[in-house]
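No value in this document is a laboratory result; all are computed from the given coordinates. All figures in this text were calculated on a predicted structure; none of them were measured in a lab. Quick reminder, even Gly has a Cβ in these numbers, built from the backbone with ideal geometry, and neighbours come from all protein chains shown.
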Amino acid sequence: MLHDPLAAALAKIHNAELVGKKEVEIRPASKMILTVLDLMHEHGYIGSFEKHDDGPGRTSVKINLLGNINKCNVIKPRFSTKFAEYTKWEKRYLPARDFGFLVISTPNGVMTHYGAKEKRIGGKLLAYCY
């Protein structure tokens, strides 16, 4: 039993990138994992990905890797943050300005910290990728 499927998925992606694999399969897949993968795809860190239904309650995702990920991980504990505190979290988890992104769960849905800055809303920190 997995306690944190998002952490397991990001660790599997990061390990496959380190080894140099071109594809990785993540099982189980949830809506949260698919949303984070969609954000990573939009920013060019991973290639395309496909969701497969292996049966009732069993889903997996096959991801094409591009070799662009240096590090991706979850943020534990899931800190609550305000709009004014994003620079503090950027300094803590990202290596440089405008390099990578933080994934934030907001009342308007899961988005990057850039989108949350535009909308001027806070939320809970989920993960980072660069």
**Prompt:** Taking springs between alpha-carbon atoms closer than 10 angstrom, which of 100, 55, 47 fluctuates most in the Gaussian network model of the chain?
**Reply:** 55
**Item:** Residues of region 79-98 with amide N under 17 Å of a point placed 7 Å along Cα→Cβ from residue 73
**Value:** 79, 89-96
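Return the inverse of the average 1/r over all pairs of distinct C-alpha atoms in the chain, which is the Kirkwood hydrodynamic radius, in Å to one decimal. Don't skip to the end; give the middle numbers.
Details: mean 1/r = 0.0663 Å⁻¹.
Final number for the Kirkwood radius of the chain is 15.1 Å.
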